[in-house]
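Here's the structure we're looking at; comments come further down.
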Amino acid sequence: MTKIFTSPSTYIQGEGELFKSVKYLEKYGKKILLLSDNTVLGVVGNKFKDYLTDNNFKVEIATFKGEASESEINRVSTIAQEKNSEMIVGLGGGKTIDSAKAIGDNLNIPVIIAPTIASADAPCSRLSVIYTDQGQFDHYRFYDKNPDLVLVDTQVIAGAPVKLLISGIADALATNVEASDVRRAKTNNMVNGQQALAAKAIGQACEDNLFAYAKLAIAANKAHVATEALDRIVEANTLLSGLGFESGGLAAAHAIHDGFTALKGDIHKLTHGQKVAYGTLVELILNGSNYQRFEKFLKFDLELGLPTTLADLNLGSASDEDLMKVAQQACAEGDTMNRMPGEITATDVFGAIKTVDEYSRDYQDVK
């Protein structure tokens, strides 16, 4: 049995750290490709570019077009190659970050990740979720190393939309549930090894902090201030969830998320974390959790305004045939349903999806 635990070379988190980063970045060179979308550039990216330029870095901006697809990754890789970029900085959300990691891998240059939201666990990992140009899940892409530097500015995150922090909480909430099932099944984590003891501890710490501090962190985010509670939740969403999902492993919750890509329509107006939230409830059914544990998560999701019914997912009118497509996609070869204890079939997943919807509607009627 081989245990594998991975992490970024360096993780830095604190107020204003983005504009104190010269001392961290200069060791990688002076030519930077800055990957960011138009929205992030307007909020903080252009100011960050000016800061770097004022400190004698040569910065080329590549505007991210929105989809972490192989065609977008190849497009930006060509720009970085033409500019002889010595490092890539991915500034933004999950798909920007996943694309930056792939571009760095293509060119074998250092990867610096600077998340502007705490909505996903992508910053710390050595993998990317790759989609088609149309936004359908395609495959996971794995790398030989994690990012060289993860730079988290909590003041920037405090100014981001609250719904994105909540989405990150939802994504992080799957961490311990999935890692626990992977451990129970004795299947491999996302780097094809068994869990180290550290992965178990990280997963539990992630879950404990989410339940204890999420509501206080949301209040701070609404007030656009960086507090101790917000700091804890940013770390849970980014570092603990990032290390926890990779070295602990993914299972049903994220496979259900990927299953939803089989459908078209308004479900795709929801964030990654919102869809994972429902997937986590489905996994709690699939793994045989008792009603006390299931209701702990259900109540928490309801308090945070996360989806707990098919109607919440904009799937209130979805047919059984549609839901079976979701279940079949979730069980597709190459996804993570096969890391669950026992054999989980599409019929099992279909039943669990329906059960969550029924239980939540009944629970809310009683309350």
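Condition (residue is over 18 Å from residue 167 (Cα atoms) and charged (D, E, K, R)) applied to segment 254-275: is it met by at least one residue? Within segment 254-275 (the criterion being over 18 Å from residue 167 (Cα atoms) and charged (D, E, K, R)), the answer is yes, since at least one residue qualifies. Number of residues in segment 13-34 that are closer than 14 Å to residue 89 by Cβ, surrounded by 16 or more Cβ atoms within 10 Å (Cβ to Cβ) and in contact with a Ser or Thr (Cβ under 9 Å, 6 or more places away or on another chain) equals 5. If only residues of segment 232-265 that are aliphatic (A, V, I, L, M) and in contact with a Lys or Arg (Cβ under 6 Å, 6 or more places away or on another chain) are counted, the one that is surrounded by the most Cβ atoms within 10 Å (Cβ to Cβ) is 251.
A quick yes/no check of all residues on (1) among the small types (Gly, Ala, Ser); (2) in contact with a Pro (Cβ under 6 Å, 6 or more places away or on another chain); (3) free of Cβ contacts under 8 Å to residues at least 24 places away in the same chain:
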position	(1), (2), (3)
31	no, no, no
45	yes, no, no
52	no, no, no
59	no, no, no
66	yes, no, no
70	no, no, no
73	no, no, no
79	no, no, no
87	no, yes, no
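The set of residues in segment 147-205 that are among the hydroxyl-bearing types (Ser, Thr, Tyr) and out of contact with any His (no Cβ under 8 Å at 6 or more places or on another chain) comprises 154, 175, 180, 187. Among the residues of segment 328-337, those identified as in a helix (DSSP H, G or I) and closer than 20 Å to residue 249 by Cα are 329, 330, 337.
Of all residue pairs spaced 6 or more apart or on separate chains, those with beta-carbon atoms under 7 Å, a first member in segment 266-280 that is over 19 Å from residue 95 (Cβ atoms) and a second member that is among the aromatic types (Phe, Trp, Tyr) are 280/297. For segment 97-123, a residue qualifies if it is closer than 21 Å to residue 277 by Cβ and of a type outside the set (S, T, N, Q), and the qualifying residues are 97, 98, 115, 117, 118, 120, 121, 122, 123. Of the candidates 301, 322, 335, the single residue that is more than 22 Å from the chain's Cα centre (by Cα) and in contact (Cβ under 8 Å) with a residue 40 or more places away in the chain is 322. Here 235, 246 are screened, and the one residue that is of a type in the set (D, E, K, R) and under 12 Å from the mean Cα position of the chain (by Cα) is 246.
Residue count for segment 61-97, restricted to those that are surrounded by 15 or more Cβ atoms within 10 Å (Cβ to Cβ), farther than 15 Å from residue 111 by Cα and of a type in the set (Asp, Glu): 3. Listed by first and then second residue, the pairs linking a residue in segment 203-229 that is in contact (Cβ under 8 Å) with a residue 24 or more places away in the chain and at positive phi to a residue that is surrounded by 21 or more Cβ atoms within 10 Å (Cβ to Cβ) and in a helix (DSSP H, G or I), with Cβ atoms under 7 Å apart and 6 or more places separating them unless they lie on different chains, are 224/158. Where helices (runs of 4 or more DSSP H) sit wholly within segment 201-314, those with at least 3 residues that are farther than 21 Å from residue 129 by Cα and of a type outside the set (S, T, N, Q) occupy 228-235, 272-286, 291-303. Residues in segment 104-137 that are modelled with pLDDT of 90 or more and acidic (Asp, Glu): 105, 133.
Among the residues of segment 77-98, those identified as over 30 Å from residue 168 (Cα atoms) and hydroxyl-bearing (Ser, Thr, Tyr) are 78, 85. Looking only at residues of segment 125-170 that are among the small types (Gly, Ala, Ser) and at negative phi, we find that the one that is surrounded by the most Cβ atoms within 10 Å (Cβ to Cβ) is 168.
Residues that are of a type outside the set (Val, Ile, Thr), touching a Lys or Arg at 6+ places or on another chain (Cβ under 8 Å) and in a helix (DSSP H, G or I) within segment 181-198 comprise 181, 183, 185, listed in sequence order. Scanning segment 338-367 for residues that are in a helix (DSSP H, G or I), in contact with an Asp or Glu (Cβ under 9 Å, 6 or more places away or on another chain) and under 12 Å from residue 256 (Cβ atoms) turns up 350, 352. The single condition among (1) at pLDDT below 95; (2) buried (at least 22 other Cβ atoms within 10 Å of the Cβ) that residue 191 does not satisfy is (2). Of all the criteria given as (1) within 17 Å of residue 341 (Cβ to Cβ); (2) charged (D, E, K, R); (3) in contact with a strand residue (DSSP E or B) (Cβ under 9 Å, 6 or more places away or on another chain), the one not satisfied by residue 181 is (3).
The values are calculated or read from the model by the stated rules, or taken from the named source; none is laboratory data. Just so you know, these numbers come straight off a predicted model, no measurement behind them. All Cβ positions, even for glycine, are placed from backbone atoms using ideal geometry, and neighbour counts span all protein chains on display.
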